[in-house]
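K.L.:
First the structure, then my questions, so here it is.
The values are calculated or read from the model by the stated rules, or taken from the named source; none is laboratory data. Model, not experiment: these values are computed from the prediction. Note that each Cβ is placed from the backbone with ideal geometry, even for glycine, and that neighbours are counted across all protein chains shown.
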Amino acid sequence: MKSKILDAVGISAAVLCLIHCIVFPLLLIIPLGISHNPYIDLAFLCIGAVVVFRVTRKMENRWLKFLFWISISLISVSILADFLFEVHIPLIYVGAAGLITGHIINFKNHKH
């Protein structure tokens, strides 16, 4: 039951992250006086990393565990590049999509 809740939190956080990453650049086009804050991306990464760690801790499916950790790594590289070089790399989209996919697969594999 606990893993189902973690998958639901993971799916929600990854979807919100993906929406944030897609919608926010569009909002920058409109002159609203807002700017990109990489700490929001870092907050999503922290939530995702904690959830992935807890979900994969006792997971037996190796390729699903690999998908989770590769996705977190892609998001981490993108955020690190944003902090160091102020460049937004699209790896964050691939990582968020990977997390969503992994959580959905993991949620469906549970014995309900």
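K.L.:
Looking for something more than 15 Å from the chain's Cα centre (by Cα), among the aliphatic types (A, V, I, L, M) and assigned to a loop (DSSP other than H, G, I, E, B) - is there at least one such residue anywhere in the range 51-72?
P.N.:
Checking the range 51-72: at least one residue is more than 15 Å from the chain's Cα centre (by Cα), among the aliphatic types (A, V, I, L, M) and assigned to a loop (DSSP other than H, G, I, E, B).
K.L.:
Related question: Being polar (S, T, N, Q) and surrounded by fewer than 18 Cβ atoms within 10 Å (Cβ to Cβ) is true for just one of Ser71, Ser35, Ser78. Which residue is that?
P.N.:
Ser35
K.L.:
Here's something else I'd like to know. Any idea how many residues of the range 22-54 are at pLDDT below 80 and in contact with an Asp or Glu (Cβ under 9 Å, 6 or more places away or on another chain)?
P.N.:
1
K.L.:
If I filter the range 82-112 down to residues being in a helix (DSSP H, G or I) and touching an Asp or Glu at 6+ places or on another chain (Cβ under 6 Å), which single residue comes out as surrounded by the fewest Cβ atoms within 10 Å (Cβ to Cβ)?
P.N.:
Among those that are in a helix (DSSP H, G or I) and touching an Asp or Glu at 6+ places or on another chain (Cβ under 6 Å), it is Phe107.
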